[in-house]
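Report on the structure given below.
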Amino acid sequence: MKLLILGPFGLLAALCCFYQPTDAALAAMSIDLGSQFIKIGLVKPGVPMDIVLNKESRRKTPNVISFKNDERFFAEAAAAMSSSHPQSSYNFLLSLIARKEGDDAFTAYKKTFPFTAFEFDEVRKTVIFPYKEEKYNVETLLAMILWNAKKVTEAYADQTVKVRFQNLCCLEVKRVE
């Protein structure tokens, strides 16, 4: 029986046979979450930064969610439904994040979207949107939209996308008149 002695390069080659790719082989996405549209960037191994195209082959995806018959619709489908089902279509949600009851943002939202029903949570004093027996707060609706953005990105990339919120910030710009 011969004893095989591996040098440093032989040991490295043997270890490479058992290498399991981890996060380095995953794609990373970035989201520009605007009030009206979402744009998604994608970086995956071997490919430089790319803009994700949605199902309609567009770079900009409407930031809308709609409900009909207990089914959720996102993006273009939700935007198309917003004219026929305005009471269960929700858009421009970013202006309502972290707003308390009595804020001027709710008055402006009600003027812009008169058919969209909303209430205020008794405990948090923030807005909630009723749909049938369910009530959704703004954060839940935005989480659904971000979940859909992840699914669209995975379909475009043909691989899994790991979600980590590294640099999440919200900016508010007010006009000076």
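A short reminder: the numbers here are calculations on the coordinates, not readings from a lab. Only a predicted model underlies this, so the values are computations on that prediction, with no experimental measurement involved. Using ideal geometry, Cβ is built from the backbone for each residue, glycine included, and neighbour counts are taken over all protein chains shown.
Quick notes on this structure:
- Per-residue 3J(HN,Hα) values for the stretch 111-123, derived from phi via the Karplus relation 6.51 cos²θ - 1.76 cosθ + 1.60 with θ = phi - 60°, read 5, 6, 10, x, 8, 7, 7, 8, 10, 10, 5, 5, 7 Hz in sequence order (x marks Gly and Pro).
- For I31, residues with placed amide H under 5 Å, excluding near neighbours: G41
- Cross-link pairs K39/K125; K60/K110; K60/K132; K68/K151; K39/K110 - those with Cα-Cα distance over 28 Å: K39/K125; K60/K132
- Counting only DSSP beta bridges with both residues in the stretch 25-168, the antiparallel share comes to about 95 percent.
- Taking the charge dipole of the stretch 25-168 about its Cα centre, with +1 at Lys and Arg Cβ atoms and -1 at Asp and Glu Cβ atoms, the residue from S66, A77, P48 reaching farthest to the positive side is P48.
- Computed from point charges on the beta carbon alone (+1 for Lys and Arg, -1 for Asp and Glu), the dipole magnitude for the stretch 20-97 about its Cα centre is near 160 Debye.
- Sorted peptide list for 124-131, 67-74, criterion being average Cβ within 10 angstrom, highest first: 124-131, 67-74
- Stretch gain in nm, segment V47-E119, where the contour uses 0.36 nm per residue and the Cα spacing is subtracted: 21.3 nm
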